[in-house]
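> Here's a structure for you.
The values are calculated or read from the model by the stated rules, or taken from the named source; none is laboratory data. Since this is a predicted model, take the numbers as computed values, not measurements. Here Cβ is always computed from backbone atoms with ideal geometry, including for glycine, and neighbour counts include all displayed protein chains.
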Amino acid sequence: MKITFLLTWGDEMGGTEQAVYTQAAHLAPRHTVEVVSVFKTRRRAFFTVDERVSVRYLVDRTGRTERPVRHSGLRLQECRRLAGLPSTLINPAWEATFDALSDVEMHRCLRTLDTDVLVTTSPALMSAAADLAPSRVITVHQEHRPSQLRGATGEPLLLRAPEMDALVVLTERTRQWLQESLGKAAPRLAAIPNAIPEGFRPRSSLTGKSIVMPRRLVPDKQVDHAIVAFSRALPQHPGWRLRIFGDGPQMSRLRNLVQGLGLHESVEILGPSRHMAQEWAKASLTMLPSQDGEAFPLVLLEAFAAGVPAVAYDIVTGPAEIIRHGIDGLLVAPGDIDGLTAAICTLMEDHQLLCSFGERAYEGSARFAADVIVEQWEELFTALLDRRDTPQRLTERADRMAHRLAHGGTGRFHPAVAADRTAPSSGDQRAREVVIGASHNLLVRAGGRLCEVRDDLQGADVIQRNFETAVTALEEHNIPFVVLRDSGDIPRSRVAVDTAHQMLVHKALAATYEGQAVYAELLKPRTHAPAVLLAERLPGVGEGAGLRVFRPVVTSTRTLRFGPAYGCDVEFWHRAGQEDGDGEQFVAPLRPSAVGPRLPSLTADATLRVRDRDYPTLEPFTKTLINDITYPIDVVYTWVDDTDPQWQQRRAARRESLGLTPEGGGDEAARFRNRDELRYSLRSLAMFAPWVRTIHLVTDDQTPHWLDTTHPALRVVSHRDIFSDPRCLPTFNSHAIETQLHHIDGLSEHFLYLNDDVFIGRPLTAQKFFLPNGMSRFFFTPTAIPTGEPTETDEGYFAAAKNNRRLLQNRFAVTVTNGFAHAPHPLRKSVLESIETDFREDVARTAANPLRGRQDISMASSLHHHYGYLTGTAVPSGIRCAYIDVGTHQHHPELTRLLTIRGHDVFCLGESRQAEVPAQEQARIIASFLAAYFPVKSPFEH
């Protein structure tokens, strides 16, 4: 068969290029293989290519003017003009290097491609192939990065994958994520690892006392972690050297780090080498401390082929698929520099163990030998070619595309499941899960492990459920424990157990939950690799800092999964002497408790109420601590339904009374548009902010049909109930309504003000918004308030901000510059009352303005924060906030990323003044996204 690989830069140094040329060389003896590179960027290619593999380039960038490689009648001036125009074939957000000239050459090449199989090597090229490849060509995309962690560059994966014949990834973790995210829209999915690059590789004797690291010097490779770990290990292991091969933007920073640690005689930072085989032959060990983004690191294959063992962080994908912990290397919890130090020390000080690991690494590298990997590719290609001319092939492709559109995949947005940051089950555990799953009809496989399907649990319910799961096992086996209190922005349940009872805890959990889908994540294990195990498999895993116990839960939509992040930490505290000689204390193995990192005892002397029962604790945890928020916090929404005929009549009449047309448009229409966001914003509060006392929904006598107004924690408040001057009504000005919020009867002193397009994105505590002493927090953005006075062309937000600035300048002789994030606004009623007193005329004028005007102030969403800061009642703080403009096509992929990562504290779905996306399409995308992010009904819905 004829196989064509499509690369962006075929002559550059990179893992993708190396993998493709290795694969092509191994296929060449039995097939016709060519590599098509869109760009030629070097006079001499970095990699030597097997002579049986033909390589052709489309666009030459080695000269001063970019031009086609083929004979062309284009003049230089025309080439320059085309090279300066953006690509219309490949979105610049996916890959910015393409241009109009490369579009022309790819059209010419791909439209007429005479091949059996076309293999693309980046999502951008996959999209081009989906558009241009002849229908009879089998299209396969080979993904070289962890898809679930990609940003904008991964957007085509979910959008265009249904149009491909197959999608091949490097690891089972990524394959499972794509299967769950695409569902029935998925083409054939396969996980095929890279093969060991060919060529002679001398075997290392492991006697050189040298740690070798070929790494790009960029932040996510975390080479600084390796340097720091080495510096801590060196005093006990003199004579060892760390040799780093690579370059990148962090070169100077890392050299300075080496000098600052006094390692200039022991650490070398060298450039890239073409002779790594010889360097591996002199190595005794390698480290891979990457943060993320390692799909399947070829550097580990090269090391293993030379018999060099490895120590690596156990990140989402990559190292764990190659390193067999305790056999040919060691895996360490991500970011744990102490663990990294301990791991390399283990091998540096035990030459016999080092040699044993090296021998097994060499033997284990056979798993990735060329003949093994090529056989998998040939089986895939043959199976696809056998179906090439069947009518089912194109029918199934059409069905996949239809499934994508039918299940929320609109435009550039596609619903996706959350990326699991822990390894899925495999081997014996996977086999055991099959047995357990067969005996429990409520269990499904999601995120690589067994999950219970539930659509009725809020985030706090899951946290409590996991807490009870852990504690029940301890109580049943009479293991003493104390409940700890935590401090911080993320809620977590924690219990402390004497480390002397660690093995008993393992056995207790195993016995209590044998045959059940209860798991434990190992926290800083000393011998076992970081992993998630069935509770029944805990005996024998060795010592560690603790266990995170959890029962996985997934919603029926599969888009919300409660995993270890909601688990209960069972921590093993150890005894240690006080430096001042004042007896022994128990020391926190992971992080301090709410009263510090040490406790005088783990013998309970008090009880702590958690929901409806008391649990053993220590007396300090029963006190009101300085970090506790003891005051109530309410939430206030302002909401309007622009589809309500009566409201439309009131607005039209109000506009006509002002001499305006009955209908407004543009920005005004966008501000009033109701797309059911309130339902999901309330779901976000119920799911992630259970500490809210009462929700006040301020409306113009409107109530959503789905809202349960009888709920005791919900109050619907009419504008008539808060406006002190009834002549201001009806009003259609959010700035006016903001001036009256503090008049809500029964409103707490501290409250959050939300628009219905703002959502809590993950579990948060009240401390994220308020200080325990009562101060409110606020969240600056880099967006500056434009200089000058308000004008008719200013957006309402900026006009009000300018007026706020004038008031504050007159009152405090201070000029404010920044705006605030699209996030919940933490407010204090007393501060709003002071503003009303100090700026009475401005407040009254804004309240009386029925439509937004350039004389308005923005009292709650802006002025409160600046005023509070200047009067000592508010402080600046940070929050991870995302703003997605759903009226702009290029922002839609960020919705998919929000679903995948779920790492933002809050987010807002806004709409630009000049929206390019039609309103109906916006509504479809918002509905699909919000239903995927918040599938669990709140208690405020019928």
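> In this structure, is residue 269 closer than 30 Å to residue 191 by Cα and outside the structural domain of residue 530 (by TED's automatic domain parsing)?
no
> While we're here: Picking from 160, 145, 173, which residue would you name as being part of a loop (DSSP other than H, G, I, E, B), assigned by TED's automatic domain parsing to the domain that holds residue 31, among the basic types (Lys, Arg) and in contact (Cβ under 8 Å) with a residue 24 or more places away in the chain? Spell out the reasoning first.
Working: 160 fails: part of a loop (DSSP other than H, G, I, E, B); 173 fails: part of a loop (DSSP other than H, G, I, E, B).
145 is the lone residue from the list that is part of a loop (DSSP other than H, G, I, E, B), assigned by TED's automatic domain parsing to the domain that holds residue 31, among the basic types (Lys, Arg) and in contact (Cβ under 8 Å) with a residue 24 or more places away in the chain.
> Applying the selection to segment 844-855, what residues are surrounded by 21 or more Cβ atoms within 10 Å (Cβ to Cβ) and either within 30 Å of residue 772 (Cα to Cα) or of a type in the set (A, V, I, L, M) (or both)?
Scanning segment 844-855 gives a single hit, 847.
> With respect to residue 879, is the statement that it is under 30 Å from residue 153 (Cα atoms), touching a residue at least 12 places away in the same chain (Cβ under 8 Å), touching an Asp or Glu at 6+ places or on another chain (Cβ under 6 Å) and not in a strand (DSSP E or B) true?
Considered against the rule, which asks whether it is under 30 Å from residue 153 (Cα atoms), touching a residue at least 12 places away in the same chain (Cβ under 8 Å), touching an Asp or Glu at 6+ places or on another chain (Cβ under 6 Å) and not in a strand (DSSP E or B), residue 879 comes out as yes.
> Cβ-Cβ distance below 6 Å, separation of 6 or more or different chains: which pairs start in segment 726-754 with a residue that is under 17 Å from residue 873 (Cβ atoms) and end on one that is among the small types (Gly, Ala, Ser) and in a helix (DSSP H, G or I)?
Cβ pairs passing all conditions: 741/860; 753/860.
> What do you reckon, is residue 45 surrounded by fewer than 21 Cβ atoms within 10 Å (Cβ to Cβ), of a type in the set (Gly, Ala, Ser) and closer than 23 Å to residue 122 by Cβ?
Working: surrounded by fewer than 21 Cβ atoms within 10 Å (Cβ to Cβ): yes; of a type in the set (Gly, Ala, Ser): yes; closer than 23 Å to residue 122 by Cβ: yes.
Criteria met by residue 45.
> A further question follows. Quick one: what pairs do we get from segment 600-626, first residue touching a residue at least 60 places away in the same chain (Cβ under 8 Å), second charged (D, E, K, R) and in a strand (DSSP E or B), C-beta under 7 Å, 6+ apart or different chains?
Between residues of segment 600-626 that are touching a residue at least 60 places away in the same chain (Cβ under 8 Å) and residues that are charged (D, E, K, R) and in a strand (DSSP E or B), the close pairs are 602/498; 608/614.
> Yes or no: residue 155 closer than 14 Å to residue 893 by Cβ and surrounded by 24 or more Cβ atoms within 10 Å (Cβ to Cβ)? Walk me through it before giving the result.
Numbers: closer than 14 Å to residue 893 by Cβ: yes; surrounded by 24 or more Cβ atoms within 10 Å (Cβ to Cβ): yes.
Answer is yes for this residue.
> Does at least one position in segment 835-843 carry a residue that is within 41 Å of the chain's Cα centre (by Cα), surrounded by 21 or more Cβ atoms within 10 Å (Cβ to Cβ), not in a loop (DSSP other than H, G, I, E, B) and not polar (S, T, N, Q)?
Checking segment 835-843: at least one residue is within 41 Å of the chain's Cα centre (by Cα), surrounded by 21 or more Cβ atoms within 10 Å (Cβ to Cβ), not in a loop (DSSP other than H, G, I, E, B) and not polar (S, T, N, Q).
> What strands (runs of 3 or more DSSP E) lie completely within segment 464-541 and have 1 or more residues being over 31 Å from the mean Cα position of the chain (by Cα), surrounded by fewer than 22 Cβ atoms within 10 Å (Cβ to Cβ) and modelled with pLDDT of 95 or more?
Ranges flagged: 493-498.
> How many residues does segment 438-453 hold that are more than 18 Å from residue 466 (Cβ to Cβ) and without any contact (Cβ under 8 Å) to a residue 60 or more places away in the chain?
3
> With assigned by TED's automatic domain parsing to the domain that holds residue 692, among the polar types (S, T, N, Q), at pLDDT 95 or above and surrounded by 17 or more Cβ atoms within 10 Å (Cβ to Cβ) as the only criterion, which of 938, 858, 928 stands out?
The conditions single out 858.
> Test residue 105 against the stated conditions and say whether it is among the acidic types (Asp, Glu) and farther than 28 Å from residue 166 by Cβ.
Values: among the acidic types (Asp, Glu): yes; farther than 28 Å from residue 166 by Cβ: no.
Against the criterion (among the acidic types (Asp, Glu) and farther than 28 Å from residue 166 by Cβ), residue 105 does not qualify.
> So, one more: Conditions first: (1) closer than 29 Å to residue 906 by Cα; (2) modelled with pLDDT of 95 or more; (3) in a helix (DSSP H, G or I). Residue 773 passes all but one, so which condition is the exception?
Among (1) closer than 29 Å to residue 906 by Cα; (2) modelled with pLDDT of 95 or more; (3) in a helix (DSSP H, G or I), the lone unmet condition for residue 773 is (3).
> Next up: Please work out which one of (1) modelled with pLDDT of 95 or more; (2) farther than 20 Å from residue 876 by Cβ is the condition residue 791 fails and give its number.
(1)
> Of the residues that sit in segment 159-179 and are farther than 22 Å from residue 19 by Cα and in contact with a helix residue (DSSP H, G or I) (Cβ under 6 Å, 6 or more places away or on another chain), which one is modelled with the lowest pLDDT?
Step by step, filter segment 159-179, then rank; the result is 177.
> Look through 232, 274, 215 and report the one residue that is in the same structural domain as residue 357 (by TED's automatic domain parsing), in contact with a Gly (Cβ under 9 Å, 6 or more places away or on another chain) and not β-branched (Val, Ile, Thr).
215
> Being β-branched (Val, Ile, Thr) and in contact with a Pro (Cβ under 8 Å, 6 or more places away or on another chain): is that true of residue 311 here?
Numbers: β-branched (Val, Ile, Thr): yes; in contact with a Pro (Cβ under 8 Å, 6 or more places away or on another chain): no.
No.
> Can residue 255 be described as touching a helix residue (DSSP H, G or I) at 6+ places or on another chain (Cβ under 9 Å) and either in the same structural domain as residue 170 (by TED's automatic domain parsing) or more than 16 Å from residue 15 (Cα to Cα) (or both)?
For residue 255, the condition - touching a helix residue (DSSP H, G or I) at 6+ places or on another chain (Cβ under 9 Å) and either in the same structural domain as residue 170 (by TED's automatic domain parsing) or more than 16 Å from residue 15 (Cα to Cα) (or both) - is not met.
> Looking at segment 422-448, which of its residues are surrounded by fewer than 17 Cβ atoms within 10 Å (Cβ to Cβ), of a type in the set (D, E, K, R) and farther than 15 Å from residue 518 by Cβ?
Passing the criteria: 428, 430.
> Counting only residues that are in contact with a helix residue (DSSP H, G or I) (Cβ under 9 Å, 6 or more places away or on another chain) and outside any loop (DSSP other than H, G, I, E, B), which one in segment 448-463 is nearest to residue 418 (Cα to Cα)?
449
> Restricting the search to segment 689-700, which residues are surrounded by 15 or more Cβ atoms within 10 Å (Cβ to Cβ) and either part of a strand (DSSP E or B) or charged (D, E, K, R) (or both)?
695, 696, 697, 698, 699, 700
> Could you check, for segment 30-42, whether at least one of its residues is within 30 Å of the chain's Cα centre (by Cα), farther than 19 Å from residue 128 by Cβ and part of a loop (DSSP other than H, G, I, E, B)?
no
> With (1) more than 33 Å from the chain's Cα centre (by Cα); (2) hydroxyl-bearing (Ser, Thr, Tyr); (3) surrounded by fewer than 20 Cβ atoms within 10 Å (Cβ to Cβ) as the list, and residue 284 as the residue in question, which single condition is left unmet?
It is condition (3) that residue 284 fails.
> Another one. Which of (1) in contact (Cβ under 8 Å) with a residue 60 or more places away in the chain; (2) not in a helix (DSSP H, G or I); (3) not basic (Lys, Arg) does residue 786 not meet, given it meets every other one?
Unmet for residue 786, out of (1) in contact (Cβ under 8 Å) with a residue 60 or more places away in the chain; (2) not in a helix (DSSP H, G or I); (3) not basic (Lys, Arg): (1).
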